[in-house]
Amino acid sequence: QVQLAESGGGLVQPGGSLRLSCVASRKIFGVYTNGWYRQAPGKQRELVARITFGGTTTYADSVKGRFTISRDNTKNTVYLQMNSLKPEDTAVYYCNLVQTYEYWGQGTQVTVSS
């Protein structure tokens, strides 16, 4: 079992930045993929960014050029750097780990508003 814990959400003005962190409860051995998803009120959960074991990254078109996913294996942590935030980025953000099983964090709220 792996527990994932997100942090770093909050209220930010449009154009601002936030960095989300997701810490795994233990070191992950083997091949796995990390992802960040988000879910806005009344909408389905959607993929924001993904990073493979080898470091290949994928982004939703809506965040390309603004968000960056990265991972620090020494800290069992994956990050989502979010710049130039827009009101439409407001959502609960969830981190995800896929290996044999799929694991989810509890989510962290990001609100972009003036």
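Placing R0 at 22 angstrom, the Cβ-Cβ distance between V31 and S70 gives a FRET efficiency of 0.75 after rounding to 0.05. Per-residue packing, averaged as other Cβ atoms within 10 Å, sorts the ranges 78-89, 14-25 into the order 78-89, 14-25, beginning with the highest. With each label modelled as a point 7 angstrom along the Cα→C-beta vector, the S114-A60 pair spans 2.3 nm. When the P(r) of segment 1-100 is calculated, the portion above 16 Å amounts to 54% of the C-alpha pairs. Per residue, the solvent-accessible area of segment 1-67 (1.4 Å probe, heavy atoms of protein chains only, all protein chains present) comes to 57 Å². Round to the nearest 0.05 the FRET efficiency obtained for Q81 and R45 when R0 = 30 Å and r is the Cβ-Cβ distance. The value I calculate is 0.90.
Taking the accessible area of the chain, probe 1.4 Å, and keeping the other protein chains in place, the carbon and sulfur fraction comes to 49%.
The values are calculated or read from the model by the stated rules, or taken from the named source; none is laboratory data. Only a predicted model underlies this, so the values are computations on that prediction, with no experimental measurement involved. All Cβ positions, glycine included, derive from the backbone under ideal geometry; neighbour counts span all protein chains shown. Just the protein is used for accessible areas: all its heavy atoms, side chains included, with ligands, DNA and RNA removed. Shrake-Rupley method; radii C 1.70, N 1.55, O 1.52, S 1.80 Å.
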